[in-house]
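Visitor: Have a look at the structure that comes next, please.
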Amino acid sequence: MSKIIIEIKNLRKDFQVGEVTVHALRGVSLTIEAGEFVAIMGASGSGKSTLLNILGCLDKPTLGEYKLEEVSISGRNKNELAVIRNRKLGFVFQSYNLLPRTSALKNVELPLLYNPKITAKERKEISLQALEAVGLTDRMHHKSNQLSGGQQQRVAIARSLVNDPVVILADEPTGNLDTRTSYEIMMLFQELNSQGKTIVLVTHEADFARLTSRNLIFRDGHIVKEIQITDTLLAREVLESIPVNNGYDEL
């Protein structure tokens, strides 16, 4: 039996906007098992990013239960949530969130700075391994503002790997990239998933959702449809039909 990484039950999230209460999540329940690659889809305002923020311990639900590796997250204070984010979760954002005048290596090392059990030598070794995993060791001394968009996203993915997270949460990670570079990033996610990484991806692109193993479709704060992908496309094969970028955003 597969290990359950994420379990949420009757999750609700309400926001107060002036005198109006916005119901962003309306009783969502789901489980995500180890090794899954799940795409969360839906129109703007459907609740998908709100859910990802709760899964990432960046926000708290109004009601409901959230368990990460069978441990309840409910009632944790800010410091406890910060430790969980740092030790258990990996984040990849649309806007990369890198320090612009800092090298790729130093950007990747950042999450490890908050773990006092890891020495400076170990921090560098782990970060180099992560950069190698995303094919960027030859750019480790480049500052992030000297890298292409695709390269910056690879650095962000390497950063998400250094704490060996139980799940990687990716919020529209291809949103700022051209088509070919987007598929190269999705190919990297598929490779990480094939190595056992659990990945939850928020996307509005149906083509990218077909590269995952399960799709959850959100509408008005509910999961309205769940699709098990039995014929998952391989990003590597799709790339063969897409012209090269002529170096403009080369990975």
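The values are calculated or read from the model by the stated rules, or taken from the named source; none is laboratory data. Predicted, not measured: the structure shown is a model, and the values here were computed from it. Note that each Cβ is placed from the backbone with ideal geometry, even for glycine, and that neighbours are counted across all protein chains shown.
Visitor: Checking the conditions here, which among GLY47, GLY35 is over 13 Å from VAL166 (Cβ atoms) and small (Gly, Ala, Ser)?
Guide: None of the other options fit; the residue is GLY47.
Visitor: Of everything in the stretch 44-66 that's surrounded by 16 or more Cβ atoms within 10 Å (Cβ to Cβ) and of a type in the set (Gly, Ala, Ser), which residue is farthest from VAL200 (Cα to Cα)?
Guide: That would be GLY64.
Visitor: Still on this structure, I have one more. Which of (1) surrounded by fewer than 18 Cβ atoms within 10 Å (Cβ to Cβ); (2) over 23 Å from LEU52 (Cβ atoms); (3) in contact (Cβ under 8 Å) with a residue 12 or more places away in the chain does ASP138 not meet, given it meets every other one?
Guide: If we test ASP138 against (1) surrounded by fewer than 18 Cβ atoms within 10 Å (Cβ to Cβ); (2) over 23 Å from LEU52 (Cβ atoms); (3) in contact (Cβ under 8 Å) with a residue 12 or more places away in the chain, just (3) comes out false.
Visitor: Kindly evaluate LEU110 against the criterion of being in a helix (DSSP H, G or I), touching a residue at least 12 places away in the same chain (Cβ under 8 Å) and over 23 Å from ILE5 (Cβ atoms).
Guide: Taking the combined requirement at face value, the residue satisfies it.
Visitor: Which members of the stretch 41-70 meet the condition of being among the acidic types (Asp, Glu) and either under 19 Å from GLN94 (Cβ atoms) or without any contact (Cβ under 8 Å) to a residue 40 or more places away in the chain (or both)?
Guide: Within the stretch 41-70, just ASP59 meets the criteria.
Visitor: Follow-up. Going through ILE118, ILE185, ILE126, ILE168 one at a time, which residue ends up being over 30 Å from LEU11 (Cα atoms), of a type in the set (A, V, I, L, M, F, W, C) and not in a helix (DSSP H, G or I)?
Guide: ILE118
Visitor: If I ask for residues that are polar (S, T, N, Q) and closer than 15 Å to LEU169 by Cβ, which ones from the stretch 46-103 would you list?
Guide: SER49, THR50, ASN53, ASN86, GLN94, SER95, ASN97
Visitor: Of all residues in the stretch 36-87, count the ones that are under 15 Å from the mean Cα position of the chain (by Cα) and assigned to a loop (DSSP other than H, G, I, E, B).
Guide: Within the stretch 36-87, residues that are under 15 Å from the mean Cα position of the chain (by Cα) and assigned to a loop (DSSP other than H, G, I, E, B) number 4.
Visitor: If you check LEU25 against the conditions, is it within 18 Å of SER74 (Cβ to Cβ), modelled with pLDDT of 95 or more, crowded, with 22+ Cβ neighbours inside 10 Å and not small (Gly, Ala, Ser)?
Guide: yes
Visitor: Would you pick out the residues in the stretch 173-189 that are at pLDDT 95 or above and surrounded by fewer than 21 Cβ atoms within 10 Å (Cβ to Cβ)?
Guide: MET187
Visitor: Could you list, in sequence order, all residues of the stretch 71-97 that are more than 30 Å from ASN10 (Cβ to Cβ) and without any contact (Cβ under 8 Å) to a residue 60 or more places away in the chain?
Guide: If the condition is that a residue be more than 30 Å from ASN10 (Cβ to Cβ) and without any contact (Cβ under 8 Å) to a residue 60 or more places away in the chain, then ASN97 is the only one that fits.
Visitor: A further question on this structure: Do the conditions hold for LYS60, that is, is it basic (Lys, Arg), more than 27 Å from SER182 (Cα to Cα) and at pLDDT 95 or above?
Guide: Spelling it out, it is not the case that LYS60 is basic (Lys, Arg), more than 27 Å from SER182 (Cα to Cα) and at pLDDT 95 or above.
Visitor: Turning to a different aspect of this structure: Please verify whether ASN193 is assigned to a helix (DSSP H, G or I), polar (S, T, N, Q), modelled with pLDDT of 95 or more and within 23 Å of PHE91 (Cβ to Cβ), treating the condition exactly as stated.
Guide: Against the criterion (assigned to a helix (DSSP H, G or I), polar (S, T, N, Q), modelled with pLDDT of 95 or more and within 23 Å of PHE91 (Cβ to Cβ)), ASN193 qualifies.
Visitor: Would you point out which residue out of LEU99, LEU113, LEU128 is hydrophobic (A, V, I, L, M, F, W, C) and surrounded by 16 or more Cβ atoms within 10 Å (Cβ to Cβ)?
Guide: None of the other options fit; the residue is LEU128.
Visitor: Say we look at the stretch 14-29 and pick out the residues that are without any contact (Cβ under 8 Å) to a residue 60 or more places away in the chain and hydrophobic (A, V, I, L, M, F, W, C); which of these is nearest to LYS225 (Cα to Cα)?
Guide: This residue is VAL22.
Visitor: Can I ask one more? Can ILE168 be described as modelled with pLDDT of 95 or more, out of contact with any Phe, Trp or Tyr (no Cβ under 7 Å at 6 or more places or on another chain) and within 30 Å of ASN115 (Cα to Cα)?
Guide: Criteria met by ILE168.
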